[in-house]
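The values are calculated or read from the model by the stated rules, or taken from the named source; none is laboratory data. What you see is a predicted model; the values in this text were computed from it and never measured. Here Cβ is always computed from backbone atoms with ideal geometry, including for glycine, and neighbour counts include all displayed protein chains. The area values use the complete protein model at the heavy-atom level, side chains included, leaving out ligands, DNA and RNA. Shrake-Rupley method; radii C 1.70, N 1.55, O 1.52, S 1.80 Å.
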Amino acid sequence: MFVCRLPWWRSSATCKLWQSGDFLPWDRCQMLGIKGIHTTVGQEQQASMQEKQMLEDLEMPLARREAETLFQEQPETGNQYLEDTLLRSYLKTHLPPKVLEEVHQDLERFGNSLVTEIQPLSWECELNPPVFRQYDAWGQRVDHIHTCSAWRRMKEISAEEGLIAEAYERRYSNWSRLYQAVKLYLFSSSSGGFSCPLAMTDGAAKVIESLGVPGSLKNAFDHLISRDPKKFWTSGQWMTERRGGSDVANGTETVARKQPDGTYRLYGFKWFTSAADSDVTLTLARIADSEGQYTQGSRGLSLFFLRVRDEEGKLNSIQVQRLKDKLGTRQMATAELWLQGARAELISAEGRGVAAISNMLNITRIHNVIGAVASMRRMISLSRDYARKRVAFGKLLKDHPLHVQTIARMEVQVRGAFLLLMEIVRLLGLAETNLASEQDQLLLRLLVPVAKLYTGKQASAVAVEAMESFGGQGYMEDTGLPVILRDTLVLSIWEGTTNILSLDVLRSLAKSQGQVMAAFLSTVQKKLELASGTEELSPAVQRTREAIGSLRQFMEAVGSEQALTMELAARDFSYSLARIYTGREKMGITEPWNGSDWHSPSLCPSRWCNQELCPVAVESGMGTYGGGAALQDSALVFGNSRL
């Protein structure tokens, strides 16, 4: 008999050998005190009475031994692109035929790569998180952050797949940004956390492009958007300091001192630096004058670009204090860093750092939405597959109406969030190719913070609900499901909490003097007019109009009130914008997912605001399931193999 040293989830072959009785599980070996590879008669004789009993148990008939072990089929997903009918339907509806033909072939290939190579790498990243070594064996300080080979391979794949390059090459004009977002959406839940450095890399490239790619940054820009793994760079975003994160105006203490050659030296402490193993970074600092004085507040902040290491691989006058011990995203190195004269280049106008880095924040917030939607889709796909396999109370889970109803409600959430994401990247693509109207640009300004705050909340709610659909197995660490849950929890925090973004929504309304809100209402109204001719959508149109009416009344009522009233309502106001616009998007679906059943209560926009997973419940009598709704839910979730 051989000792199995691998847990069951690491080797399917091990499971088969254990079932055949040829392997002794490693945990049993530990209990028996066996240290060698083979058991011996001498070792058996030395065992205690309890150990002998355990050995005797191993000689029981195979049927009984099988009954002692949990046997459930593992939920699996195939090609994520081919299985995502909503995604394929959206692309077919919106992309020009020639573009669709090309991207379809690439996305199908990419979907196969996710299954065969990328998903296994993702699990390796989770099992082998970064390790920090501050000193070498001889006492020399090295501050080395070691990442696993799978993490480094993720970087190569990101370059080869053009996950950043696609948006800047603009092979498909205004559709290039949407195509990039789709690939990132497919990649995100299998990326092993590498989607985070990609978000900041995309943001850094966007900032440099917005500055006109000055000559001093041309080399860096080329590296950030390269498809060559040997040339590809990732970027960090070092903004958070000891006083906090979002309040950069009052929390930034880092000082920049100008050097005779025109460069700057940065001195300060960066308390939270994601992807600390990145090649370059953007960071904010205050420029000190000849007397060491500097301007406080946001007007004193300037934006700098710096290389993390020099050509020899040595840190750029940076010391790593420690790695953060985080709840989730453990695959990625997040560190506390001391800048002790780090050489940097000023890339914004002096005192205009916040304005310059805003382009980066918009991109990283959109990436946050991508991650939220991707995690929801992943959890629901696994829940759905598990329901096809798991038997409880004499029948498959998919044959229990209440279970199907629960999955259908989650499906409503992810479909709405997906359509909101696609709308944002569509607008961004128009803006980047100078094809966006003024209304498009105003709408984009509003929808980015709205979508980020709303989907961040959705993701964690859906993850918890989906985990419950697996019963006790959902709570087991080695299933990988808790990893998804932990990683989604950061989505409502990173790049601005829900409250911070709700206030940003209010700022967008104030700065535009109402133009942003006018663009929002006009866009929704146009879609309602188009949808009003469809009988099945009449209830949805009516309820959406009522919601808009309530929104108008609220804004008129608070117009004469103090600012405090609007601030207290900021969250609910932002949630309402998200739900109304998402309902508007769902009315625009032109192709059903399964015959005509997309108009069922599970998919109809009229039920969008009535789901228990919405961050804020709607105070109305709507949202109850009518007769036969459970059967329609079953058709939605399981009625078509494409769903």
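Rank Arg388, Arg415, Arg409 by accessible area, highest first, at a 1.4 Å probe radius?
The most accessible residue leads, giving Arg388, Arg409, Arg415.
If packing is taken as the average number of other Cβ atoms within 10 Å across a peptide's residues, how do 417-423, 455-461 rank, most packed first?
Packing proxy ranking, top to bottom: 455-461, 417-423.
Measure off 7 Å from each Cα along the Cα-to-Cβ vector at Lys324 and Asp478, then give the distance between these two points in nanometres to one decimal.
3.1
How far is it, in nm, from the label point at Phe269 to the one at Thr93 when both lie 7 Å from their Cα along the line to the Cβ?
In this crude spin-label approximation the distance works out to 5.2 nm.
Dipole size in debye (nearest 20) for region 232-381 around its Cα centre, Lys and Arg Cβ +1, Asp and Glu Cβ -1?
Here the size comes out at about 520 debye.
Can you work out the accessible area per residue across region 85-225, with the rest of the protein chains kept in place, probe 1.4 Å, in square angstrom?
It amounts to 39 Å² per residue over region 85-225.
Give, as ranges by residue number, the residues of region 306-327 whose backbone N falls under 19 Å from the point 7 Å along Cα→Cβ of Arg242.
It comes to 318-325, nothing else.
Rank-order 207-216, 341-350 by packing density, defined as the average count of other C-beta atoms within 10 Å over each peptide's residues, highest first.
With the highest mean Cβ count within 10 Å placed first, the list reads 341-350, 207-216.
Please compute the length gained on full extension between Gln513 and Phe393, using 0.36 nm multiplied by the number of residues separating them and subtracting their Cα-Cα distance.
37.2 nm
Per the Kirkwood formula on distinct C-alpha pairs, the Rh of region 85-225 is how many angstrom?
After inverting the pairwise mean of 1/r, the radius is 17.0 Å.
Pairs Lys183/Lys511; Lys326/Lys452; Lys231/Lys314; Lys206/Lys452; Lys98/Lys230; Lys218/Lys586: which exceed 30 Å Cα-Cα?
Listed pairs above 30 Å: Lys183/Lys511; Lys98/Lys230; Lys218/Lys586.
Hey, can you rank 159-166, 126-133 by average C-beta count inside 10 Å, highest first?
159-166, 126-133
At 7 Å along the Cα-to-beta-carbon direction for both Asn112 and Gln140, put a label point, then send me their distance in nm to one decimal.
4.8
Find how much the distance from Asn434 to Gln105 grows on full extension, using 0.36 nm per residue of separation minus their present alpha carbon separation; answer in nm with one decimal.
Full extension from Asn434 to Gln105 adds 115.6 nm.
Express in nm, to one decimal, how much length is gained between Glu291 and Glu73 on full extension, taking 0.36 nm for each residue of separation and deducting their alpha carbon distance.
Length gained, Glu291 through Glu73: 71.5 nm.
At 1.4 Å probe size, with the rest of the protein present, what percent of the exposed accessible area of region 235-352 is carbon and sulfur atoms?
It is 43 percent, rounded to a whole number.
Pick out, from Phe393, Asn359, Leu428, the residue whose Cα sits farthest towards the positive end of the charge dipole of region 327-481, with +1 on the Cβ of Lys and Arg and -1 on the Cβ of Asp and Glu.
Phe393
Could you sort Thr273, Thr263 by their accessible area in this structure, using a 1.4 Å probe and putting the largest first?
My answer, sorted largest first, is Thr263, Thr273.
Which value, in Å², gives the accessible area per residue of region 268-424 when a 1.4 Å probe is used on the protein heavy atoms?
About 37 Å² of surface per residue is accessible.
Excluding same-chain residues fewer than 8 positions from Lys398, which lysines have a Cα within less than 16 Å of its Cα?
The qualifying lysines are Lys389.
Could you calculate the FRET efficiency of Asn250 with Ser532 from 1/(1 + (r/R0)^6), where r is the beta carbon distance between them and R0 is 41 Å, rounded to 0.05?
Computed FRET efficiency for Asn250 and Ser532 comes out at 0.25.
Considering only protein heavy atoms and a 1.4 Å probe, what is the carbon-and-sulfur percentage of the accessible area of region 502-591?
So the carbon and sulfur contribution to the accessible surface is 49 percent.
Students sometimes get this wrong: rank Glu169, Glu495, Glu101 by accessible area, probe 1.4 Å, all chains present, largest first.
The residues order as Glu101, Glu169, Glu495, largest area first.
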